[in-house]
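Below you'll find the structure, written out as structure tokens, and then a few comments.
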Amino acid sequence: MKSTGKAIKPIVISMFFILSLFFIGVPYVAGADDVVKIGLNYPETGPYAKQGLDQRRAAELAMEEINSAGGILGKKIQLVYRDTKSQPAVAKQNAIELYDKEGVPMMLGGSSSGVAIASGKVAKDKKKLFFGTLTYSTETTGEEAHRYIFRECYDSRMAAKVLSDYLKKNYGGKKYFYITADYTWGWTTEDAFRQYTDTLDKDRHKGMLTKLGTTDFKNVLALAQEVNPDVLVLVLFGKDMEIGVRQAYEMGLKNKMQIVVPNMTIDMAEGAGPEAMEGVISATPWYWKLPAEENYPKGIAFVKKFEAKYNRYPSTSGASAYVIMHEYKEAVERAKTFDTMAVIKALEGHKYSGLKDEQYWRPWDHQSVQTVYAIKCKKAADVKKDKYQLDFYEVINKIKGEEAAITLAEWSALRAKVGASAALDE
């Protein structure tokens, strides 16, 4: 009996200790076995900070939903954050820490394709999953594609395809001028845009490169003004786009040429302002009014929850992070394990309806194939009628994912040019 008493005593003391913490208001923290950590490698600071903030907001909302429903295979999610600063070298080091020190089986994030590609390379090295939330370079699931990276958002080729239908009808044969961010997203976006708008002749359709994080575009805009194109394509993103569009507006360029921004989020439009954005043409894979317009219940619920929590509408950046969290949960549950290869197999070819119509994870490049939209920004007076002044978009064209996405033959040719395998390597 004495030995039994000695065995019970520590258990009684531990129970008493936990109950004491509860009654004095200190929460009991579950053990490591009850938690699964997920990494969010996102831009908290830098030129893409707004897009990063929306990723964090939406990821936290998804985490709350999943945890309140019991977590993933009985484990509660704990998000672990790192600031990429939109710098690939920083993102790489963050990814190493998240996989090695924090032990995350999955990481998501990125508002720069350079960052996403760098994060994906670490994922491949560690044999862990990485999901790109906002990475539009065609290279992400093209030349740089591998077994461990998935892209939930669309890519620049898909954006260029949906925009080109409208532009060729309205500006076919006209002169273009490109101002492009000097890194992988900018290069591949301009290339895809030139291809689909028949503006490959760089003597006629000139262009200039600008550094990511540029704060003054007046000199390069003055060059565009001298050339006097019919269409000015600003291949800029985040704060760069906000500044570029606003300065183009202040210089009166909008009265002389059609401004096109290949990729946009509503927080970028908000930053530039309704007057500067009026009439600007762009593309998007999702926007906050779409669920209500097309009656997508999950999307409607997401927008309502996001608005109730944050007093604004979600952007496509947030929507992508939210969908990734739920898609990962469901893939783990289908696989019945957190094992990376088993989860990858549960994802490949899987069809899902996240916040809009049906999408699917294409098995040979891990691109989420989906409907894409060309949009034109509304008149400033109409934008200002919205309670948050975020009702910017009017849809001018849309095409299905299979029509917009790169084909297997095109993808294989791209891979061959850089000596990459025609199949995703493990």
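The values are calculated or read from the model by the stated rules, or taken from the named source; none is laboratory data. In this text, all values refer to a predicted model and were calculated from it rather than measured experimentally. With ideal geometry, Cβ positions are generated from the backbone for all residues, glycine too; neighbour counts draw on all protein chains shown. Ligands, DNA and RNA are stripped out before the accessible areas are found, and what is left, the full protein with its side chains, is counted by its heavy atoms. Shrake-Rupley method; radii C 1.70, N 1.55, O 1.52, S 1.80 Å.
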*asked:* If amide hydrogens are placed 1.01 Å from N in the peptide plane, which non-local residues have theirs closer than 5 Å to the one on MET208?
replied: TYR178, ILE179, THR180
*What angle do you read, to the nearest 10 degrees and between 0 and 90, between the alpha-carbon axis of helix 113-126 and the longest principal axis of the chain?*
40
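For the chain, report the accessible area per residue in Å² (1.4 Å probe, heavy atoms, rounded to an integer). List each step's numbers first, then the result.
Values: 17950 Å² over 426 residues.
Per-residue accessible area for the chain comes out at 42 Å².
Dividing the alpha-carbon Rg of segment 160-235 by 2.2 N^0.38 Å yields what?
1.06
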*Return the percentage of antiparallel bridges among DSSP beta bridges fully within segment 124-237, rounded to the nearest 5 %.*
0
_Quick one: the Cα spread of segment 49-168 along its three principal axes, in angstroms, biggest first?_
52, 31, 27
*asked:* Per DSSP helix of 4 or more residues, -39500 (n - 2.57); summed, then divided by the residues of the chain. What does that give at 222 nm, rounded to the nearest 500?
replied: -14500 deg cm²/dmol
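For the pairs LYS128/LYS309; LYS304/LYS376; LYS239/LYS345; LYS126/LYS329; LYS75/LYS309, note any where the Cα-Cα span goes beyond 28 Å.
Numbers: LYS128/LYS309 32 Å; LYS304/LYS376 24 Å; LYS239/LYS345 38 Å; LYS126/LYS329 20 Å; LYS75/LYS309 24 Å.
Flagged as over cut-off: LYS128/LYS309; LYS239/LYS345.
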*How far, in nm, would the chain grow between TYR388 and GLU294 when pulled straight, counting 0.36 nm per residue and subtracting the alpha carbon separation?*
31.7 nm
_Ratio Rg/Rh [Cα only; Rh per Kirkwood] for segment 207-315_ = 1.06
*Please work out how much length the chain gains when fully extended from VAL35 to GLU358, using 0.36 nm per residue of separation minus the C-alpha to C-alpha distance, in nm with one decimal.*
113.2 nm
*³J(HN,Hα) across segment 340-350 via Karplus (A = 6.51, B = -1.76, C = 1.60, θ = phi - 60°), whole Hz, x for Gly/Pro?*
4, 5, 5, 5, 4, 5, 6, 8, 4, x, 6
*By how many degrees, 0 to 90 and rounded to 10, does the Cα axis of helix 49-68 deviate from the longest principal axis of the chain?*
40
*Label-to-label distance, nm, for residues given as MET208 and ALA222 (7 Å Cα→Cβ offset)*: 0.9
_Calculated from backbone phi, Karplus (6.51, -1.76, 1.60) coupling profile of segment 150-155 in Hz, x at Gly/Pro_ = 10, 10, 7, 7, 7, 10
*Gap in Å between the Cα centre of segment 93-108 and the Cα centre of segment 131-173?*
27
*Using the alpha-carbon atoms, what tilt in degrees (0 to 90, nearest 10) does helix 238-250 show relative to the longest principal axis of the chain?*
30
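Rounded to two decimal places and with Rh computed the Kirkwood way over Cα pairs, what is Rg over Rh for the chain? Walk me through the numbers before you get to the answer.
Values: Rg = 23.4 Å, Rh = 22.6 Å.
My calculation puts Rg/Rh at 1.04.
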*Out of residues 5 or more away from VAL36 or on other chains, whose amide H comes under 5 Å of its own, with H placed 1.01 Å from N in the peptide plane?*
LYS76, ILE77, GLN78
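Classify segment 276-426 as rounded, prolate or oblate from the Cα gyration tensor: take a ≥ b ≥ c as the square roots of its eigenvalues, call it rounded if a/c is under 1.5, otherwise prolate when a/b beats b/c and oblate if not. Intermediate results must be reported in sequence, preceding the final value.
Numbers: a/c = 2.75, a/b = 1.49, b/c = 1.84.
Cα axes put segment 276-426 in the oblate bin.
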*Using packing as a proxy for protection, rank 174-185, 124-135 so that the peptide with the highest average count of other Cβ atoms within 10 Å comes first.*
124-135, 174-185
